[in-house]
Amino acid sequence: MELSFKNWFKTDQRHQFVVIGLGRFGTAVARTLHQLGYDVLGLDKDEERVRQAAGEDLATQVLQVDATDPEALRQTGICEFGVVVVAIGSALEQSILTTLNAKSLGVAHVVAKAISPIQGIVLQKVGADRVVYPESDMGRNVALSLTSNGILESLQLDNEHSIVEVIAPEKFTDIPLQELELRNRYGVNVLAIRHEDKFNINPGPKDIMRAGDLIVLIGANRDLDRLPK
């Protein structure tokens, strides 16, 4: 892609992400962030993956880089990003070296994919701020979708708190958020509202949910369980 790094980089690190490893997991992460309106830099050492990713418009920019080479990684400007996702799970050595390099270059928050508890422990030891287990998380999400009050997806933050995606309950629709008082009544906050294919990130007090909208909520698990169906 003929797009220089300086041309699209913004100063707000909260809206800047690097995804290293453009396999199925990395591609899904990059595409989702990009569709939400964030700037995403995708990196992979495989030329074919980079070419395919560039053609699918799943990131702001895609580069062919061997992330195990600290100098090559530094030249991408990775230290200017707020969050780096290391989506290399199956290649243990590459995953460890990439995570170590990202932290050594000053990245504030590194999220690393692991496929086993041992790998997760090692990644934490070399500096990963958070380790995710996609297959385990997917299994949990399926179970929740079958048993919980309309929860479609869930991201567990710790043992007591989660971020969930739910279908907007009927009693929440066509009413401004400020009138719903979800924080006071249920102890949850609305992070986003998805209407058809458009996301409203950080909705305002006058925004409303429509029937069939998907909403992203954050709160304590006990409060999320109290939501109406």
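Quick notes on this structure:
- Considering residues of segment 137-164 that are part of a loop (DSSP other than H, G, I, E, B), over 24 Å from residue 200 (Cα atoms) and not acidic (Asp, Glu) only, the residue modelled with the lowest pLDDT: 148
- Applying the condition of being in contact (Cβ under 8 Å) with a residue 60 or more places away in the chain and assigned to a loop (DSSP other than H, G, I, E, B) to segment 63-89 and asking which residue is most open to solvent (accessible area, probe 1.4 Å) yields 88.
- Looking across segment 175-226, the residues that are under 25 Å from the mean Cα position of the chain (by Cα), of a type in the set (Val, Ile, Thr) and farther than 22 Å from residue 32 by Cα come down to 188, 208.
- Among the residues of segment 34-58, those identified as closer than 22 Å to residue 77 by Cβ, assigned to a helix (DSSP H, G or I) and without any contact (Cβ under 8 Å) to a residue 24 or more places away in the chain are 47, 51.
- When segment 1-24 is limited to residues that are part of a helix (DSSP H, G or I), over 21 Å from residue 199 (Cβ atoms) and of a type outside the set (Lys, Arg), the one that is modelled with the lowest pLDDT turns out to be 5.
- Residues within segment 165-224 that are open to solvent by 60 Å² or more (accessible area, probe 1.4 Å), assigned to a strand (DSSP E or B) and either in contact (Cβ under 8 Å) with a residue 40 or more places away in the chain or in contact with a Pro (Cβ under 6 Å, 6 or more places away or on another chain) (or both), tallied: 2
- Among the residues of segment 109-120, the ones that are modelled with pLDDT of 90 or more and open to solvent by 60 Å² or more (accessible area, probe 1.4 Å) come to 1 in all.
The values are calculated or read from the model by the stated rules, or taken from the named source; none is laboratory data. Everything numeric here is computed off the predicted structure, so don't read it as measured data. Note that each Cβ is placed from the backbone with ideal geometry, even for glycine, and that neighbours are counted across all protein chains shown. SASA here: full protein model, heavy atoms, side chains in, ligands and nucleic acids out. Shrake-Rupley method; radii C 1.70, N 1.55, O 1.52, S 1.80 Å.
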